[in-house]
Amino acid sequence: MGTDFLQYVISGITIGAIYAMVAIGYNIIYSVTEIINFAQGEFVMLGGLFAVFFAGTLHLPLYLAFICAVAVAGCIGLAMDRFIIGRARESSVLSLIIITIAVSILLKGSAMLGWGKDPYSLPAFSSGGPIMVAGAAIQPQALWIIGICALVVISLTLFFRKSVYGQAMLACANNPQAARLVGIPVRYMVFLSFILSAAIGAAAGVIITPVSMMEYERGALLGLKGFGAAALGGLGQFFGALVAGLILGLAESFCAGYLSSGYKDAVALVLLLMVLFLKPEGLFGNREAARLKKF
Amino acid sequence: MTGTDFQPSAPILKVSGLWMKFGGVTALRDVSYEVPEKVIQAVIGPNGAGKTTLFNCISGMLGPSEGSITFLGQAIGGIAPHRIAVAGVARTFQHVALFKKMSVLENVMMGRHPRTGSGFLAAGLRLPGMRSEEKLIRSRALEYLEFAGLAGCAGVESGTLPLGKQKILEIARALATEPRLILLDEPAGGLNMKETEDLGELIQGIKKLGVTVMLVEHDMNLIMDISDRVLVLHYGEVLASGAPAEIKENGAVVEAYLGAEDEE
Amino acid sequence: MGRKNWLIMLGAAIFIGVFPWLVMPFKAVSHYVDVMVFAGIFSLVCIGLSLLMGYAGQISLAQAAFFGIGAYTSGILTSKFGVNPWLAMGGGTVVCATVAWVVGVPSLRLKGHYLAMATLGFGVIVNIIFAEEVNWTGGPSGMIDIPYLRMFGRKITSDLAWYYLVWGIVFLVLIFCFHVLHSRVGRALRAIHEDERAAESVGVPTAGFKVRVFMLSAVLASIAGSLYTHYVTCLNPSSFNLMWSIRFVLMVMVGGMQSLWGALVGTVLMTFVGNEWLQVFAELEILAYGAILLVVALFLPGGIVSIGGFRRKRRQSALEGAGT
């Protein structure tokens, strides 16, 4: 019983870290543009599959494959903004929703063409067997996932709090006109947000692939759960996303362990609905600020 | 015409101890006031004095932080705007809020909404009651258009009207709800002199219908001409109230306005 | 509902009436009758979605879930409990209306992205339930042996009988919906789409109307689901997944969501595209869907019916304010 519990906690934290990273991807684009990118989950899928391509097909070393996959996803994110979202900046919210959904279908379809319908795996980042803690097994890859997630959260927080670029990006969201007036290149900041968000999503995809494999149609559900984490934490809140991602991961893991593995995917979604219905500003969001946003 | 024919009667609207706070900003601070029935009640004050916030509270667009609003003896503070409309309070908006893609007539027909009742089923099955109701909606809407002098453009898409006519149309739409109290938020904003004059006549016509008018306005000439009573708000507080002539002479009011002008 | 709409309806009815007799003599296209049965069934879903999206301005990515709830309610009641199919269809609408009410009341307080995500999440949950409740739904492997629909004591089996039944219902529903739109209720829905604040100020209970139109769209999807069940006589969760919800949105958008005729045209066209013409591309189908959706959203927000000046004045504003 105790061992099981510990095991569920570990797997919950691992998958929760992934959700947190997906949620952070939503937050970055939302912070700068107030757009929710429905294609966010597809970048996770693409990250995993591109890493498989670079490591498995081109036989690059794993760390290089990781970097290349993230870079490629970043470029796709840039292209998505440059060629599609950028054209629709003045469109209504409904149009933007439809457009990002269309992009997600296109990415998913392309992935199916490129990789087929089979799931792929990657070797773990470090070899060696699981580490035993109080009878529970921790895969080294889980440590990699948690570590990389922590790194992303810390560096992003620093980036947005301390760096000139980060401050400039946030200024764009608060008031694009004013940002333009003080000489911030808003367009460039939007590009940057799409690149960053795609890259972080892809990184999440690469690190999860050794644990749970990756296939072309995983994106939508990962994206939806990631959005659940973003909403639960409060849109735009990076620390909130981390906490919420872990809550979602743990809830899912416990459900799979103690209740029903079939319904584990529903847990995060039920939580998502509950947040949207009961506390749409999220656990860490600001109710006053939330009222002004477009939802 | 001044407020000489004004006789105090039972208050139609009673606001007491009203506070409205947005985060750290206090927009209304302990406002208490009574509006008698069948008068033209102006609300004035420098920008940011809380005039529109007061209207938003009365019409239910905002739920007050504290205090009560009583309309015809019924507490309406914090209840949904559509229920307040049904209770008999209509309003217009500072920035015209017409249904721009609907025709002029359809806009006024929308005003009949709270006084009619057929729903999805009656409409979908075209039950006889609904058909006669629809005819009545149309004929009553035409009457209100006539009253407002817009009968000539009933079929026009409302968004294409010039601003002056849009403002009048918005008033006609509000009147069509058969209110006992109508709130007009800067009806003369953006109008020229001739249009403002016509508007003044229309507002007096509304009063003659037995409808109480509350009016936020910056055009002092209009206010002095038509209103019976004036309420002055300043930084969310009641600064003064009384007949227009008294307000004109009130030192505090003059100072508040001059002060505000300096800031701008 | 206006002279123009009656004329279009007459034309459409004549076309639908003679269509089978035009295609049946030719072997290559005789199965178009079958495709049109599906188009009719999907039209019911899309007419509801058009009311919701195009007129009331609210998005739903959960229509496939309501379609599925109707389908499974019919399937379970008729095959496991021997309930009369028509009664089961009525049961489905009650279930759907109830579910739509429960989900709609909190969801429709949300706007734009959040509403889309909430309906999306709800749809996925429903789909998981279809796949997991194996005892009731047969799970991923599906449900079979659903009885045929009976009318006047006879089983309805031929494509032609189904064709006229389904399209008869479609026209009844269209007339119902046109009447709704050209009434106090329809004006209120358009008012909500244009300016919620102003609608409230003239006494429209905006939240209540949004929930009711959401319920109406769910009921129409449920009827469609019941018909679908008895037509194909087997059910599988994959017919009611997220992709189908997106397809319904696509059908409405391709035709033009601000017009019920648009929903109809879009549905028929996209059903043929999906069931017939895209089969050539096989695996590329999904890419084609994405591309069509993108092109329509970017370049033709008013849909097909906005081409050539038809409703030109609304063209620019077709999506304006929707879901914001």
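Taken together, the values in this text are just the output of simple stated rules run on the coordinates, not laboratory data. None of the values given here were measured: they were computed from a predicted structure. All Cβ positions, glycine included, derive from the backbone under ideal geometry; neighbour counts span all protein chains shown.
When A:Gln167, A:Gln237 are screened for being more than 14 Å from chain C (Cβ to nearest Cβ) and touching a residue at least 12 places away in the same chain (Cβ under 8 Å), only A:Gln237 passes. C:Trp136 meets all of the listed conditions (1) under 18 Å from C:Val83 (Cα atoms); (2) assigned to a loop (DSSP other than H, G, I, E, B) but one, namely (2).
When C:Val124, C:Val94 are screened for being within 19 Å of the chain's Cα centre (by Cα) and at the interface with another protein chain (Cβ under 8 Å from one of its Cβ atoms), only C:Val124 passes. C:Ala100 falls short on exactly one of the conditions (1) surrounded by fewer than 16 Cβ atoms within 10 Å (Cβ to Cβ); (2) under 21 Å from C:Leu227 (Cβ atoms), and that condition is (1). Scanning region C:160-211 for residues that are within 26 Å of C:Val268 (Cα to Cα), among the hydrophobic types (A, V, I, L, M, F, W, C) and facing another protein chain (nearest Cβ under 8 Å) turns up C:Phe176, C:Cys177, C:Val180. For A:Ala51, the test of being in contact (Cβ under 8 Å) with a residue 12 or more places away in the chain, more than 16 Å from the chain's Cα centre (by Cα) and part of a helix (DSSP H, G or I) is passed.
Scanning region B:16-35 for residues that are touching a residue at least 60 places away in the same chain (Cβ under 8 Å) and under 17 Å from the mean Cα position of the chain (by Cα) yields B:Tyr33, B:Val35. If a residue must be surrounded by fewer than 17 Cβ atoms within 10 Å (Cβ to Cβ), small (Gly, Ala, Ser) and in contact (Cβ under 8 Å) with a residue 40 or more places away in the chain, how many such residues does region C:147-200 contain? Qualifying residue count, region C:147-200: 0. Name the residue, out of C:Val83, C:Val99, that is over 30 Å from C:Gly17 (Cα atoms) and touching a Gly at 6+ places or on another chain (Cβ under 9 Å). Checking each option against the conditions leaves just C:Val83. Restricting region B:77-120 to residues that are of a type in the set (Ser, Thr, Tyr) and farther than 21 Å from C:Arg212 by Cα leaves a set whose member that is nearest to the other protein chains (Cβ to nearest Cβ) is B:Thr92.
Filtered by the rule that a residue be within 7 Å of another protein chain (Cβ to nearest Cβ) and part of a helix (DSSP H, G or I), region A:90-102 gives A:Val93, A:Leu94, A:Ser95, A:Ile97, A:Ile98, A:Ile99, A:Ile101, A:Ala102.
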